[in-house]
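The values are calculated or read from the model by the stated rules, or taken from the named source; none is laboratory data. What you are looking at is a predicted structure, and each value in this text was computed from that prediction instead of being measured. Quick reminder, even Gly has a Cβ in these numbers, built from the backbone with ideal geometry, and neighbours come from all protein chains shown.
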Amino acid sequence: MRTIEHMSEALAGPQVGGVEDLTASGLLALARDQKATEERAAAGLLETAARWADLHPPESIHDAASFTVSGWEHEEPIAGEGAPLVAEFCVAELGGVLGMSSTAAKKLIGHALELRHRLPRLWAQVHAGQVPAWRARAVAETTIHCSPALTRKAAGFVDAQVAAVAGRVGPAQLDRLVAEAIKCYDLAEVDPSQDPEDGHLHVDPRHVTVDTEDVHYAGTMRVEGELDIADALDLDRALAQGAAERKALGSTESLDVRRAQALGELARTQTALDLHSQGADVTKAEDGLPVAREVVVHAHVDAGFSGDATVFGPTGRLE
């Protein structure tokens with residue numbers, strides 16, 4: 001395996017000049033070399049992130065880094081069983097140097113540790129230039145956040161299968177491999193409603209995740225999910241209808257923006273029966289269920305006193 005020092009020397013390489021003088025074949029060759037350099041740099045960054053984690057283990061005064069996602073009932077580790085823990089405080093420092101958010105830095109470190117400790121074949125192929133870092137990181141992302149969690153042996157099974165094809169697996173193939181690992185290593189209880197003779201390996205991929213920790217400078221958040229086919233098609237039709245209505249009302253925004261706005265409108269629209277009663281607490285109903293949405297309006301008005309009575313002015317302002 002190459003050391004970081006050797007990678008740095010390789011990345012230094014010859015300087016490129018006179019691009020405007022290159023022929024078509026010369027430009028293609030240059031593009032190929034630049035892509036190879038980019039992939040070597042990505043592999044080197046993974047090793048650097050893993051080394052950074054080695055220097056910052058959690059201690060009694062430092063919590064271990066983890067993912068806390070809105071709507072989840074527990075924290076998710078940044079890497080799976082058998083990978084070392086890393087102190088939470090060091091993540092932001094690495095992210096700052098790389099110009100990325102703390103969430104993105106956690107993913108980088110987690111992927112590096114997952115590959116080095118639980119997917120060693122894929123790790124070796126990345127540093128041998130046989131598998132691009134982005135492809136290996138996609139596999140690591142799946143094995144880290146699999147439910148139920150993969151043991152080290154189960155992750156090794158996935159590693160062997162993926163490495164055998166040099167990492168060339170799509171999302172569906174990877175899901176099937178993970179499902180097979182879960183079945184082979186008895187990591188999940190058998191669903192009594194499922195016919196054991198049908199040979200179906202099932203990992204339920206449905207989820208909706210709102211990444212509240214990574215806010216774009218434009219004031220947006222990423223929403224990602226996987227739905228039943230019927231739900232997905234219904235949602236697509238609702239967004240298409242909402243986008244069309246906004247255009248008919250005079251919106252000049254792009255289709256993507258209008259679809260995003262339509263999704264926000266769906267979140268603020270009562271589309272189902274209210275199955276619980278509203279309690280005195282505006283954030284929680286009497287039966288313990290959260291209310292659909294809480295709106296807090298802060299109004300500031302001038303006020304004075306006339307004896308014991310409070311007298312409000314005729315005007316105010318809203319934040």
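Does VAL91 qualify as being free of Cβ contacts under 8 Å to residues at least 40 places away in the same chain and part of a helix (DSSP H, G or I)?
For VAL91, the condition - free of Cβ contacts under 8 Å to residues at least 40 places away in the same chain and part of a helix (DSSP H, G or I) - is met.
Taking into account only those residues within segment 209-220 that are exposed (fewer than 12 other Cβ atoms within 10 Å of the Cβ) and either among the polar types (S, T, N, Q) or touching a strand residue (DSSP E or B) at 6+ places or on another chain (Cβ under 9 Å) (or both), which is modelled with the highest pLDDT?
THR220
Restricting attention to segment 228-235, does a residue exist that is modelled with pLDDT of 65 or more, closer than 30 Å to ALA155 by Cβ, under 26 Å from the mean Cα position of the chain (by Cα) and charged (D, E, K, R)?
yes
Return the only residue of ARG293, ARG268 being within 30 Å of LYS247 (Cβ to Cβ), modelled with pLDDT of 75 or more and of a type in the set (Lys, Arg).
Going through ARG293, ARG268 in turn, the sole match is ARG268.
Please work out which one of (1) surrounded by 15 or more Cβ atoms within 10 Å (Cβ to Cβ); (2) modelled with pLDDT of 90 or more is the condition GLU93 fails and give its number.
Evaluating GLU93 over (1) surrounded by 15 or more Cβ atoms within 10 Å (Cβ to Cβ); (2) modelled with pLDDT of 90 or more leaves (1) as the failure.
Search segment 228-247 for residues that are on the phi > 0 side of the Ramachandran plot and not assigned by TED's automatic domain parsing to the domain that holds ALA260 and pair each with any residue that is surrounded by 14 or more Cβ atoms within 10 Å (Cβ to Cβ) and of a type in the set (D, E, K, R) when their beta-carbon atoms are under 7 Å apart and the residues are at least 6 apart or on different chains.
none
So for segment 144-166 (the condition being part of a helix (DSSP H, G or I), surrounded by 12 or more Cβ atoms within 10 Å (Cβ to Cβ) and either at pLDDT below 85 or aromatic (Phe, Trp, Tyr) (or both)), does at least one residue qualify?
Within segment 144-166, one or more residues are part of a helix (DSSP H, G or I), surrounded by 12 or more Cβ atoms within 10 Å (Cβ to Cβ) and either at pLDDT below 85 or aromatic (Phe, Trp, Tyr) (or both).
Might you check whether a residue that is among the acidic types (Asp, Glu), in a loop (DSSP other than H, G, I, E, B), modelled with pLDDT under 85 and over 19 Å from the mean Cα position of the chain (by Cα) occurs anywhere in segment 169-191?
Yes: segment 169-191 contains one or more residues that are among the acidic types (Asp, Glu), in a loop (DSSP other than H, G, I, E, B), modelled with pLDDT under 85 and over 19 Å from the mean Cα position of the chain (by Cα).
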